[in-house]
Amino acid sequence: MHVAFFAEQLYYLPQFAPVVRALIARGHRVTTLLRVDEKLRDVPLTVDLPKGDSHTLQRVDSPAQAYAALRSLAPDWAVFGSFLAEGETLAPNTRTALVYHGIGVKNVLFDPRLNRFDLRCVESQRVLDELVTRQPGVRDRLALVGFAKLDPLLPVQPTALSGSAAPVLLYAPTFYPSSLELMPEDLQRLVPGAHWIVKPHFFSWVVPQYAKQRERMKRWADAGIEVLGPEHYDLVPLMARADVLVSDASSALFEFAALNKPVVWCRFLKLRWSYRGVFAWRYKQRIDPNTPRYEAVAYGADKPAGLAGVLQQALADRRSGKPPSAEREALIEHLIGPRDGLTSQRIVDALEK
């Protein structure tokens, strides 16, 4: 079987990589098409994917070029991380599959355009039930599998932070709406002695309108904080290093919570004027209305001034080895699904069947 993946964005790769490895381990041939457009051309990029006869990495500069390559390759399966392009076609015998690139609290997850695939891999029973409720005819094309990106970190190995160890705090905000521009200038002051890693969203580095975010990140880097550039696209190894994750309405919140480590949810967000006041409906349209029920997975920080105290509480619980609450565990299961490290195997099963 020949399976081709189209990574339309660099940050889709961590979701695809475990599936690529599982396919190769079963003797299948894999091609990964990575879009490298003008935003990526100057990024010193090293892609962590298998090398050898069973896997080919091919760079394309646009979706149109990717679809042309897929028509030429005519794989058995073409796997995508987001929407199929309108008006594009594939070879007659190529079937399409969706391994969506994220999870969380954005309404896009339930956009009916994401149901146009021959196979949609779904992370949790909650998502599957909601999809079927909205569009009952899609049930036969859904496979309940889990969240592949976390496979390298699962199943969870319980660890506790020693009292003498310097805690590692990972700040991984999304690009919009983001807490980044409202974060304290002096991060080191929040938890003296802690090591901060700042891993912004890729778009924060490359999209012109986020220049203010880049200015803030430069000041942090100048102050000696470890600020990772756009070439660091994979959050997985950073989650393995970190003791606490700090983020906002991002998939990273739920991914890290699934590892049974503390998460701090920054509920203070920098909104453009076009998302405030009479235009607040745009923000509500962007965010899943069920968001408040998911906040139990995290320690909430409503204002930047309260962040230090919230971090201290999260670290105290981390050092004590305090287990997650039953409510938190139920929510993670609700959002992420099975956490046995075998999601990529289930995806390969579905493709083979």
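The values are calculated or read from the model by the stated rules, or taken from the named source; none is laboratory data. Bear in mind that the values here come from a model prediction, so they are computed numbers and not experimental data. Glycine gets a Cβ as well: all are built from the backbone with ideal geometry, and neighbour counts include every protein chain shown. Surface accessibility is based on the protein's heavy atoms, side chains included, excluding ligands, DNA and RNA. Shrake-Rupley method; radii C 1.70, N 1.55, O 1.52, S 1.80 Å.
Tell me, please, whether a residue that is of a type in the set (V, I, T), in contact with a helix residue (DSSP H, G or I) (Cβ under 6 Å, 6 or more places away or on another chain) and surrounded by 13 or more Cβ atoms within 10 Å (Cβ to Cβ) can be found in the range 320-333. Among the residues of the range 320-333, at least one is of a type in the set (V, I, T), in contact with a helix residue (DSSP H, G or I) (Cβ under 6 Å, 6 or more places away or on another chain) and surrounded by 13 or more Cβ atoms within 10 Å (Cβ to Cβ), which makes the answer yes.
Matching residues to (1) on the phi > 0 side of the Ramachandran plot; (2) hydrophobic (A, V, I, L, M, F, W, C); (3) touching a residue at least 60 places away in the same chain (Cβ under 8 Å):
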| position | (1), (2), (3) |
| --- | --- |
| G102 | no, no, yes |
| N107 | no, no, yes |
| D111 | no, no, no |
| N115 | no, no, no |
| L119 | no, yes, yes |
| V132 | no, yes, no |
| Q135 | no, no, no |
| R139 | no, no, no |
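Counting the residues of the range 100-114 that are modelled with pLDDT of 90 or more and open to solvent by less than 10 Å² (accessible area, probe 1.4 Å) gives 1. Listed by first and then second residue, the pairs with beta-carbon distance under 6 Å, at least 6 apart or on different chains, first residue in the range 295-306 and under 17 Å from P323 (Cα atoms) and without any contact (Cβ under 8 Å) to a residue 12 or more places away in the chain, second not hydrophobic (A, V, I, L, M, F, W, C) and not in a helix (DSSP H, G or I), form an empty list.
As a summary of the residue check, K284 satisfies the conditions (1) of a type outside the set (A, V, I, L, M, F, W, C); (2) at pLDDT 90 or above; (3) open to solvent by 90 Å² or more (accessible area, probe 1.4 Å) except for the one numbered (2).
Per the listing L10, L49, the residue uniquely closer than 24 Å to P200 by Cβ, at pLDDT below 95 and out of contact with any His (no Cβ under 9 Å at 6 or more places or on another chain) is L10.
Checked against the criterion of being among the acidic types (D, E), at pLDDT 90 or above and open to solvent by 90 Å² or more (accessible area, probe 1.4 Å), the candidates D302, D340 yield just one match: D302. Name the residue that is farthest from T46 (Cα to Cα), counting only residues in the range 220-262 that are within 15 Å of the chain's Cα centre (by Cα) and β-branched (V, I, T). Here the residue is V246. Checking the stated criteria, A308 turns out to be at pLDDT 95 or above and surrounded by fewer than 18 Cβ atoms within 10 Å (Cβ to Cβ). The residue of the range 63-86 that is farthest from V19 (Cα to Cα), among those that are open to solvent by less than 10 Å² (accessible area, probe 1.4 Å) and in contact with a His (Cβ under 6 Å, 6 or more places away or on another chain), is P75. Per this entry, A211 is not counted among residues that are open to solvent by 10 Å² or more (accessible area, probe 1.4 Å) and in contact with a helix residue (DSSP H, G or I) (Cβ under 8 Å, 6 or more places away or on another chain).
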